[in-house]
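As structure tokens, the structure follows; a few thoughts come after it.
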């Protein structure tokens with residue numbers, strides 16, 4: 001079977017798998033004393049479909065950046081804004097998502113988000129210049145930034161606490177498979193077709209989901225007609241936007257760059273102003289009372305640490321495979337697929353275990369496995385085989401499957417229903433920030449340790465190094481830098497493991513305001 005046929009078959013099986021899981025999840029489940037109908041199953045399918053394509057889009061671009069850079073004749077520092085700008089818009093919208101949900105309701109907000117995402121994909125698909133491509137990415141991000149917190153809110157509304165584990169495990173398919181499949185899909189496209197085809201696919205999927213949502217996505221929600229806190233939105237936008245910009249640029253420009261330092265300083269100041277505004281406002285955009293619930297706060301911290309460690313493997317392994325071992329982008333992307341399938345299968349199962357046994361045993365066992373696999377990545381060499389890396393990444397994915405959605409569900413279960421939207425907004429904001437911090441720190445560690453290794457390498461007087469000698473030394477230095485970065489990811493995972501020992505299985509909350 002050809003690679004093209006394998007990709008098409010795999011994508012077909014994937015979408016069928018997602019659909020079957022959603023409908024199976026709804027079969028004979030009860031919510032608030034009434035049997036969940038086919039109508040609810042359709043709502044959740046449309047929701048998951050939209051979330052999946054948004055996350056797939058976000059993670060599929062990285063592999064195509066070198067090709068886009070060559071086609072549009074732009075520099076690496078310029079092309080990087082296609083991902084940085086997307087992330088910044090997400091970071092601005094996620095903190096105010098609780099307000100948007102309360103103001104516009106589930107249906108109107110979901111349709112708006114998917115239409116925005118689809119229009120942005122059309123602009124990207126038709127782009128022949130960086131300016132138009134950047135515009136399309138921003139319009140895409142406006143929709144994508146709303147979808148994840150909106151999706152979590154819908155699941156937490158539809159399902160009671162005792163059923164949320166399995167339900168959120170199903171939702172985790174979109175969160176887990178998207179980042180894993182994205183690099184594989186984009187690697188295949190740029191290797192065989194024009195990069196615009198990526199966005200053509202997003203347009204088709206987006207249109208289909210908008211049509212389905214128009215007929216199927218009808219979920220009642222309480223509309224709150226409060227005054228819009230423009231000052232809070234301004235503080236949030238400047239604060240989180242600048243903070244994420246500072247960390248995203250630190251990896252490439254260095255921590256001593258004036259752009260990085262100014263971005264971080266402005267971010268800290270305006271995030272502080274945003275916190276003060278939310279603590280004193282009558283109707284806050286983001287209700288910080290969620291932090292009074294210790295179980296929620298604890299899970300948010302652990303989830304942030306897990307996210308920092310998770311981004312390590314997704315960032316460092318492709319560098320190792322392509323730059324050190326010489327594998328193609330498609331081959332490095334395919335390495336992530338078995339782990340993605342494991343996480344896809346384990347997500348609903350881990351959710352059911354959570355419903356039955358609670359979070360502590362899942363978190364501890366999952367973090368032990370994740371920490372072990374991450375530590376194994378500190379021993380990479382130019383002789384480490386593709387099969388070894390594949391096995392370790394799959395084991396690591398198995399551990400992660402016990403953590404991601406159960407940890408988030410445990411935190412949400414600790415909150416009363418009226419604070420769920422604020423809890424999901426804060427949780428997703430922390431994940432976004434943690435991902436940026438983790439990426440910046442890991443890139444910094446890798447580059448500084450690579451440079452230090454080269455500086456400390458023995459010099460042979462009178463010997464003029466040949467190109468082969470320079471290349472071999474650079475390869476060895478890069479491997480050293482990657483291994484040191486994985487040591488940092490291992491330490492983060494160990495810290496999360498220690499915190500997980502203090503988790504409680506079933507935190508209680510009061511459904512009163």
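In square nanometres, what is the average projected area of the Cα convex hull of region 227-282? Mean projected area for region 227-282: 3.6 nm², to one decimal. Site pair residue 379 and residue 291 shows an inter-label distance of 4.2 nm when each label is modelled 7 Å from Cα along Cα→Cβ. Rounded to the nearest 0.05, the FRET efficiency derived from the C-beta distance between residue 276 and residue 418 at R0 = 25 Å is 0.65. Given [x] 1.00; [y] 1.13; [z] 0.96 as candidate values of Rg/Rh (Cα atoms, Kirkwood Rh), which corresponds to the one derived from the coordinates? Only one listed value fits the structure, namely [z].
With the simple spin-label model, which puts each label point 7 Å out from Cα in the Cβ direction, the residue 214 to residue 505 separation comes to 5.0 nm.
Got a sec? How would 170, 299 order by Cβ neighbour count within 10 Å, fewest to most?
Numbers: 170 22, 299 28.
Lowest to highest Cβ neighbour count: 170, 299.
Where a ≥ b ≥ c are the square roots of the eigenvalues of the C-alpha gyration tensor, would you call region 91-210 rounded, which needs a/c under 1.5, or, failing that, prolate if a/b is larger than b/c, or oblate? Verdict is oblate for region 91-210.
Fewest-first ordering of 218, 431 by other beta carbons within 10 Å of each residue's beta carbon gives 218, 431. Here the label points at residue 352 and residue 70, each 7 Å from Cα along the C-beta direction, are separated by 4.8 nm in the simple model. Counting only alpha carbon atoms, the long axis of helix 420-456 and the longest principal axis of the chain meet at about 10°.
Can you sort 162, 476 from fewest to most other Cβ atoms within 10 Å of each residue's own Cβ?
Working: 162 11, 476 17.
Ranked by crowding around the Cβ, least crowded first: 162, 476.
To the nearest ten degrees, helix 230-253 and the longest principal axis of the Cα atoms of the chain are 20 degrees apart.
Quick one: in region 336-402, what % of C-alpha pairs are over 17 Å apart?
Working: 981 of 2211 pairs.
Tail of the P(r) past 17 Å holds 44 percent of the pairs.
In the chain, the longest principal axis of the Cα atoms and the axis of helix 106-125 are about 30 degrees apart.
Set the Förster radius R0 to 30 Å, insert the Cβ-Cβ distance between residue 255 and residue 78 as r into 1/(1 + (r/R0)^6), and round the FRET efficiency to 0.05.
Working: r = 21 Å, r/R0 = 0.71.
My answer for the efficiency is 0.90.
Would you please classify the overall shape of region 352-450 from the alpha carbon gyration tensor, given that a ≥ b ≥ c denote the square roots of the eigenvalues, rounded means a/c under 1.5, and beyond that prolate means a/b larger than b/c while oblate covers the rest?
Working: a/c = 3.59, a/b = 1.56, b/c = 2.31.
Oblate is the answer for region 352-450, as a/c is 1.5 or above yet b/c matches or exceeds a/b.
In terms of its C-alpha gyration tensor, region 79-122 comes out oblate, because a/c is 1.5 or above while a/b does not outweigh b/c.
Just from its helices, what would the mean residue ellipticity at 222 nm be for the chain, if runs of 4 or more DSSP H residues each count -39500 (n - 2.57) and the sum is divided by every residue, rounded to the nearest 500 deg cm²/dmol?
On the way: 20 runs with 393 residues, N = 513.
So the helix-based figure for the chain works out to -26500 deg cm²/dmol.
Where a number appears in this text, it was derived from the coordinates with a stated rule and is not lab data. Fair warning: this is a prediction, and the values are worked out from it, not measured in the lab. All Cβ positions, glycine included, derive from the backbone under ideal geometry; neighbour counts span all protein chains shown.
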